[in-house]
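A.B. asks: To start, I am sharing the structure in question, which I have written as structure tokens.
The values are calculated or read from the model by the stated rules, or taken from the named source; none is laboratory data. Computed from a predicted model, the values in this text were never measured in an experiment. When we count neighbours, we look across all protein chains shown, and the Cβ atoms used for this are built from the backbone with ideal geometry, even at glycine. Ligands, DNA and RNA are excluded from the accessible area calculation, which covers all protein heavy atoms including side chains. Shrake-Rupley method; radii C 1.70, N 1.55, O 1.52, S 1.80 Å.
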Amino acid sequence: MIISGLAHDDQPRYELADKLARYLLEKQKPWEKLDQEVQSCLVTISGLEGDIRNAVDKSAIPAMKKRMDVAKAKLPNLEINRDQYTQFYEIELDKKRATLTHEGVAEAQKEANIGSFYVGENMDVPHLLEQSIRAHTVYQRDRDYMVGADDKGVLTIIIIDQNTGRKMVGRQWSDGLHQAIEAKEKVAIQRETQTVATITIQNYFRMYEKLSGMTGTAKTEAPEFMQIYKLDVVEIPTNKPISR
């Protein structure tokens, strides 16, 4: 459970960051198209190496080695073709992270007509830009979040819990990511918040003198209920026999 407050007195330039992110995404498309071919070739080589190592039928190994040699010979030309274009940002999908390259910073500064992002009031732009690139490349609509109306009928970004698939109404991503996604989806941008206090659900519940509850999934977690809350789990049978 989190108590949050406003992170900034003023409104950072999310729209500018979104505009620059869209510009860099378009500029990097040729590099990404060729990089996909490079990555596909690397996956082929890695897969064949594993197949050769684990092959039961040894007679198939020469053919696999021949295919692997063809892929390895093809790889340098693919990398040369890719490197003719500029990479403006790097994406790490497993870490859900985006990082600007030096070329990306220079190109964004040129497009924004700003001498340097690292002086004065412009120092927040690189961070906002990286968050905008994350919003466009890593976070997908209807997978990581959805656009829906709040209780006042205003369109807003609703986070989707990756474990349960449930809507997490009222929750925000931190560090400007939520606002970057709002700018991406062209909905009203909320003020960025920061965490001022937190408490785990377990510690919060332990503050009560009396604790009980009912759920259809407690039996499988009985050891956890005993360990955390010192609570027994009692199974109540159905009123009628289960027919399935």
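A.B. asks: Can you compute the FRET efficiency between ILE158 and ILE199 using 1/(1 + (r/R0)^6), with r the Cβ-Cβ distance and R0 = 22 Å? Round to the nearest 0.05. Could you put the intermediate results ahead of the total?
C.D. replies: Details: r = 24 Å, r/R0 = 1.08.
Computed FRET efficiency for ILE158 and ILE199 comes out at 0.40.
A.B. asks: Would you mind calculating the gained length between THR220 and ILE61 on full extension (0.36 nm times residue separation, minus the Cα-Cα distance), in nm to one decimal? Kindly include the intermediate steps, with their values, before the conclusion.
C.D. replies: Details: separation 159, 0.36 × 159 = 57.24 nm, distance 4.81 nm.
Length gained, THR220 through ILE61: 52.4 nm.
A.B. asks: So, one more: Compute the distance in nm between two label points, each set 7 Å from the Cα along the Cα-to-Cβ direction, one at GLN190 and one at GLU235.
C.D. replies: 4.1 nm
A.B. asks: Could I ask something else about it? Can you give the local net charge around VAL233? Use residues other than it whose beta-carbon is closer than 13 angstrom to its beta-carbon, Lys and Arg +1, Asp and Glu -1.
C.D. replies: Values: positive: LYS219, LYS230; negative: GLU221, GLU224, ASP232, GLU235.
Combined, the nearby Lys, Arg, Asp and Glu give -2.
A.B. asks: Now a separate question. Per the Kirkwood formula on distinct C-alpha pairs, the Rh of the stretch 72-207 is how many angstrom? Each step should come with its number before you reach the end.
C.D. replies: Details: mean 1/r = 0.0561 Å⁻¹.
Evaluated on the stretch 72-207, it is 17.8 Å.
A.B. asks: A further question on this structure: For a quick size check, give me the Cα extents of the stretch 69-137 along its three principal axes, largest first, whole Å.
C.D. replies: 53, 26, 16
A.B. asks: Principal axis lengths of the stretch 22-65 from Cα atoms, whole Å, largest first?
C.D. replies: Computed over the Cα atoms, the extents are 52, 14, 8 Å.
A.B. asks: Now for a separate question. Sort all Cα-Cα distances of the chain into consecutive 10 angstrom bins from zero, then give the percent of pairs in each bin up to the one containing the longest distance.
C.D. replies: Result, from short to long distances: 6, 19, 21, 19, 17, 13, 4, 0 percent.
A.B. asks: Between LEU93 and GLU121, what is 0.36 nm times their sequence separation minus the Cα-Cα distance? Round to one decimal in nm. Present the calculation step by step, with values, prior to reporting the outcome.
C.D. replies: On the way: separation 28, 0.36 × 28 = 10.08 nm, distance 3.05 nm.
Gain in length upon complete extension: 7.0 nm.
A.B. asks: Per the 1.4 Å probe, what fraction of the accessible area of the chain, in percent, lies on carbon and sulfur atoms? Each step should come with its number before you reach the end.
C.D. replies: Numbers: 8730 of 16970 Å².
Carbon and sulfur atoms account for 51 percent of the accessible area of the chain.
A.B. asks: Follow-up question, since we're still on this one. Express in whole angstrom the spacing between the alpha-carbon centres of the stretch 211-244 and the stretch 17-84.
C.D. replies: The two parts, judged by their Cα centres, are 51 Å apart.
A.B. asks: Also: Tell me, what is the per residue accessible area of the chain in Å², probe radius 1.4 Å?
C.D. replies: Numbers: 16970 Å² over 244 residues.
The answer is 70 Å² per residue.
A.B. asks: For GLU111 and VAL169 in the same chain, what is the full-extension length gain: residue separation times 0.36 nm, less their Cα-Cα distance, in nm? Before the final figure, lay out the partial values.
C.D. replies: Details: separation 58, 0.36 × 58 = 20.88 nm, distance 3.62 nm.
Extending this stretch completely gives an extra 17.3 nm.
A.B. asks: Averaging over all projection directions, find the projected area of the Cα convex hull of the stretch 127-244 and quote it in nm² with one decimal place. It would help to have the intermediate numbers written out before the result.
C.D. replies: Details: hull surface 48.2 nm².
Averaging across all directions leaves 12.1 nm² for the Cα convex hull.
A.B. asks: Label-point separation (nm) for ASP150 and ASN77, each offset 7 Å from Cα along Cα-to-Cβ?
C.D. replies: So the label points at ASP150 and ASN77 sit 5.7 nm apart.
A.B. asks: Also: Please work out the Kirkwood hydrodynamic radius for the stretch 1-81, using every pair of different C-alpha atoms, and report it in angstroms with one decimal place.
C.D. replies: Working: mean 1/r = 0.0591 Å⁻¹.
Taking every pair of different Cα atoms in the stretch 1-81, averaging 1/r and inverting gives 16.9 Å.
A.B. asks: Which of these, LYS27, LYS184, LYS58, has the largest mean-square fluctuation under a Gaussian network model of the chain (Cα springs below 10 Å)?
C.D. replies: Highest fluctuation among the options: LYS58.
A.B. asks: Just list whichever of LYS96/LYS184; LYS72/LYS95; LYS19/LYS110; LYS33/LYS184; LYS19/LYS184 have alpha carbons separated by over 20 Å in the model shown.
C.D. replies: Too far apart for the 20 Å limit: LYS72/LYS95; LYS33/LYS184.
A.B. asks: Ok, one more. Rounded if a/c is under 1.5, else prolate if a/b beats b/c, else oblate: with a ≥ b ≥ c from the C-alpha gyration tensor eigenvalues square-rooted, which is the stretch 114-156? Could you put the intermediate results ahead of the total?
C.D. replies: Details: a/c = 5.34, a/b = 2.03, b/c = 2.63.
Oblate.
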